[in-house]
1. Where in the stretch 20-136 are the strands (runs of 3 or more DSSP E), entirely inside, with at least 2 residues that are out of contact with any Phe, Trp or Tyr (no Cβ under 9 Å at 6 or more places or on another chain), aliphatic (A, V, I, L, M) and on the phi < 0 side of the Ramachandran plot?
2. What residue, of I75, I67, is among the hydrophobic types (A, V, I, L, M, F, W, C), surrounded by 16 or more Cβ atoms within 10 Å (Cβ to Cβ) and over 14 Å from T118 (Cβ atoms)?
3. Residue by residue through the stretch 46-77, note down the ones that are touching a residue at least 40 places away in the same chain (Cβ under 8 Å) and touching a Leu at 6+ places or on another chain (Cβ under 8 Å).
4. So if I check each of L76, L98, L59, which one is of a type in the set (A, V, I, L, M) and more than 22 Å from K15 (Cα to Cα)?
5. Give the residues of the stretch 105-127 that are surrounded by 13 or more Cβ atoms within 10 Å (Cβ to Cβ), without any contact (Cβ under 8 Å) to a residue 60 or more places away in the chain and not acidic (D, E), sorted by residue number.
6. Give the number of residues within the stretch 10-36 that are surrounded by 22 or more Cβ atoms within 10 Å (Cβ to Cβ) and either β-branched (V, I, T) or farther than 15 Å from N80 by Cβ (or both).
Amino acid sequence: MKRQQLFEKAVEAAKNAYTPYSKFNVGAAIQLKSGRIITGANIENASFGLTNCAERSALFSAYSEGIRKNDIEAILVTGNTKNPISPCGACRQVMRELLHPDTLVILTNFEGFEKEVTVSDLLPYAFTDEDLSHDE
């Protein structure tokens with residue numbers, strides 16, 4: 001994995017964010033096992049509940065193309081924060097659904113400070129499809 005390229009793509013994606021209210025741009029870049037990178041940015045809405053974060057934008061874009069969790073090597077998220085950015089709770093839940101629990105998650109800021117975790121580190125006691133089982 002070319003981590004610097006993944007970081008640069010996420011920063012580039014953040015420049016495409018639509019943030020007229022918060023002015024807080026976030027970018028995400030997904031590294032596929034094939035080497036391809038898919039990006040996403042946060043997109044705000046005047047009805048704040050309809051805002052979509054960069055992580056979800058990237059993942060939804062990937063899934064819309066037929067990409068699935070077995071195709072994904074890592075996701076990198078970056079924003080203009082003092083420390084490495086942290087995904088919101090909604091993104092953590094979506095990441096737990098759409099990525100393997102051991103998928104590498106690289107949290108950064110625009111200055112390149114990093115923290116590596118896995119999806120299960122972000123949401124250790126996740127609500128999953130197994131919780132929906134009605135079998136006894």
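Nothing in this text is a laboratory measurement; each read-out follows from the coordinates by a stated rule. This one's a predicted model, so the numbers in the text were calculated from it and none came from an experiment. No Cβ is skipped: glycine too gets one built from the backbone with ideal geometry, and neighbour counts run over all protein chains shown.
1. Numbers: elements: 26-32, 37-41, 72-79, 104-108, 114-118.
Per the criteria, 26-32, 37-41, 72-79, 104-108.
2. Working: I75 fails: over 14 Å from T118 (Cβ atoms).
Result: I67 is the single residue among I75, I67 that is among the hydrophobic types (A, V, I, L, M, F, W, C), surrounded by 16 or more Cβ atoms within 10 Å (Cβ to Cβ) and over 14 Å from T118 (Cβ atoms).
3. Looking only at the stretch 46-77, we keep the residues that are touching a residue at least 40 places away in the same chain (Cβ under 8 Å), and these are 54-55, 58-59, 72-77.
Within the stretch 46-77, L59, I72, E73, A74, I75, L76, V77 meet the criteria.
4. L98
5. Once the filter is applied, which keeps residues that are surrounded by 13 or more Cβ atoms within 10 Å (Cβ to Cβ), without any contact (Cβ under 8 Å) to a residue 60 or more places away in the chain and not acidic (D, E), the stretch 105-127 yields V105, L107, N109, F113, K115, V117, T118, V119, S120, L122, L123, A126.
6. 4
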